[in-house]
Amino acid sequence: MSDVILEVSGGIGRITLNRPKAINALDHAMVREIAPALAQWATDDAVDVVLLTGAGERGLCAGGDIVSIYHDAKDGGSGSKEFWREEYILNAAIARFPKPFVAIMDGIVMGGGVGLSAHANTRIVTERSKIAMPEVGIGFVPDVGGTYLLSRAPGEIGTHFALTTARMNAGDAIAVGFADHYIPSDKLEDFYSALETVSVGEAVATFSEPAPESTIAGQQGWIDECYAGDDVQGIVDALAASTVPEAQKSAEDIASKSPVSLAVTLRSLRRAATLPTLESVLDEEYRVSVASLSSHDLVEGIRAQVVEKDRNPQWQPRTSADVTPEDVDRYFAPLGDAELGLSNAHTEGEQS
């Protein structure tokens, strides 16, 4: 059975990520199956709606296949560069898809899973949803348009989620702008059936319910105060000095992450907030991702957390205070002819 199941029936083009034992982790071959199908369905009269789901009960997609990235980074990184190039192009295509695109963000949705779902025009969460961008915990940086979404969350809430790698529940995801509607998981199959006979809007209206309360929305006061500024150490110090227990816990969470990844992520978020389109953010994320391949911390982080699982990464530099501006600048260096170039292609497409 294929790792991606593509079906057209009842006006629905359905994409099922089909690696349930790996929580449907996304690899290059899967991207290469999804992208051409989506391009065809955009103009196929037999497809009125696209529906993205994940096989199994654990989640839509736990992220990219980071073990493959680990081995590729050790070997020079050419495969990962091509994977990210095609993945980010797919993320942009999902955001620009001309028909209703319904993404079911049930269970675990992280990293690359966010890229496949959170740019869709109709995003459904359930009581099982756990959504996160956990990259700084493995020496990487939020990508797949994650910095675009996080930088546009209310106040500094996106910065909090990026630097702590905390998980959003369904209410959080809607409050932060990662999702639109809440449908209990036991109603999903009936919702899918309804999509064959009524519009997406009617089906959502029939099956959606008020989302559970967001755990993060009520904490925006201390978050906005502590996460202001462009210095990771300053943020950690403010969190640690706070009288709010959740802030102190956040300081501890951040302190365990890759110092250079934290600094690069913070700059990425600040820059993403000023960039006009998803495509322009993806172009910059591609530069950062390519630079990460030659960093110490990406290989070390995946080794510690996923490969050898000793949970004891030896970061270089060791602390946020040791990270220099030059360490961070390296990640944003132009790639010349190797740029992703999505924003240029999008601009040309609008003009033609």
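Looking at the stretch 113-126, which of its residues are touching a Phe, Trp or Tyr at 6+ places or on another chain (Cβ under 6 Å) and open to solvent by less than 30 Å² (accessible area, probe 1.4 Å)?
Within the stretch 113-126, the subset touching a Phe, Trp or Tyr at 6+ places or on another chain (Cβ under 6 Å) is 118, 120-121, 125.
Hits for the stretch 113-126 are A118, A120, V125.
Within the set of pairs 6+ apart or on separate chains, which have a first residue in the stretch 109-129 that is among the basic types (K, R), a second that is open to solvent by 10 Å² or more (accessible area, probe 1.4 Å) and not in a loop (DSSP other than H, G, I, E, B), and C-beta atoms under 8 Å apart?
R123/H181; R128/S185
Here are V144, V244, V198: which of them is on the phi > 0 side of the Ramachandran plot, modelled with pLDDT of 95 or more and hydrophobic (A, V, I, L, M, F, W, C)?
V144
With the checklist (1) free of Cβ contacts under 8 Å to residues at least 40 places away in the same chain; (2) open to solvent by 50 Å² or more (accessible area, probe 1.4 Å); (3) of a type outside the set (D, E) in hand, flag the one item R152 doesn't pass.
All conditions pass for R152, except number (1).
Given (1) charged (D, E, K, R); (2) open to solvent by less than 30 Å² (accessible area, probe 1.4 Å); (3) over 24 Å from A203 (Cα atoms), where does D65 come up short, assuming only one miss?
Status for D65: all satisfied but (2).
Having 1 or more residues that are out of contact with any helix residue (DSSP H, G or I) (no Cβ under 6 Å at 6 or more places or on another chain) and under 26 Å from Y182 (Cβ atoms) is the bar; report the helices (runs of 4 or more DSSP H) wholly within the stretch 1-113 that clear it.
Passing ranges, in order: 28-41, 78-95.
Any residue in the stretch 322-336 that's touching a residue at least 24 places away in the same chain (Cβ under 8 Å) and within 18 Å of R270 (Cβ to Cβ): show its pairings with residues that are open to solvent by less than 80 Å² (accessible area, probe 1.4 Å) and outside any helix (DSSP H, G or I) at Cβ separation under 6 Å, as long as the two are six or more apart or on different chains.
From residues that are touching a residue at least 24 places away in the same chain (Cβ under 8 Å) and within 18 Å of R270 (Cβ to Cβ), the pairs are V323/P317.
Picking from G56, G64, G115, which residue would you name as being modelled with pLDDT of 95 or more and within 18 Å of the chain's Cα centre (by Cα)?
Details: G56 fails: within 18 Å of the chain's Cα centre (by Cα); G64 fails: modelled with pLDDT of 95 or more.
Among G56, G64, G115, only G115 is modelled with pLDDT of 95 or more and within 18 Å of the chain's Cα centre (by Cα).
If I ask for residues that are under 24 Å from P210 (Cα atoms) and either of a type in the set (A, V, I, L, M, F, W, C) or open to solvent by less than 10 Å² (accessible area, probe 1.4 Å) (or both), which ones from the stretch 75-112 would you list?
Initial filter on the stretch 75-112 (under 24 Å from P210 (Cα atoms)): 100-110.
Hits for the stretch 75-112 are F101, V102, A103, I104, M105, G107, I108, V109, M110.
Of all residues being part of a loop (DSSP other than H, G, I, E, B) and in contact with a Cys (Cβ under 9 Å, 6 or more places away or on another chain) in the stretch 235-246, which is most open to solvent (accessible area, probe 1.4 Å)? Just the residue, please.
Taking the stretch 235-246 as the starting set, the residues that turn out to be part of a loop (DSSP other than H, G, I, E, B) are 242-244.
If we keep only those that are in contact with a Cys (Cβ under 9 Å, 6 or more places away or on another chain) too, we end up with 242, 244.
On the way: S242: 20, V244: 40 Å².
Top of the filtered list is V244.
Which of the residues belonging to the stretch 182-234 are open to solvent by 60 Å² or more (accessible area, probe 1.4 Å), more than 30 Å from P325 (Cα to Cα) and not in a loop (DSSP other than H, G, I, E, B)?
Passing the criteria: D186, K187, E189, D190, S193, E202, A205, T206, E209, G218.
Determine, yes or no, whether L6 is open to solvent by less than 10 Å² (accessible area, probe 1.4 Å) and over 22 Å from E339 (Cα atoms).
Numbers: open to solvent by less than 10 Å² (accessible area, probe 1.4 Å): no; over 22 Å from E339 (Cα atoms): yes.
Judged against the criteria, L6 is not a match.
With the condition being more than 28 Å from I89 (Cα to Cα) and either open to solvent by less than 70 Å² (accessible area, probe 1.4 Å) or of a type in the set (D, E) (or both), I'd like the helices (runs of 4 or more DSSP H) fully within the stretch 247-352 carrying at least 2 qualifying residues. Steps first, please.
Numbers: elements: 259-272, 278-293, 296-302, 325-329, 342-351.
Ranges flagged: none.
The values are calculated or read from the model by the stated rules, or taken from the named source; none is laboratory data. From a predicted model like this one, the values you see are computed outputs, not experimental measurements. Using ideal geometry, Cβ is built from the backbone for each residue, glycine included, and neighbour counts are taken over all protein chains shown. Quick note on the areas: whole protein, heavy atoms, side chains included, nothing else; ligands and nucleic acids left out. Shrake-Rupley method; radii C 1.70, N 1.55, O 1.52, S 1.80 Å.
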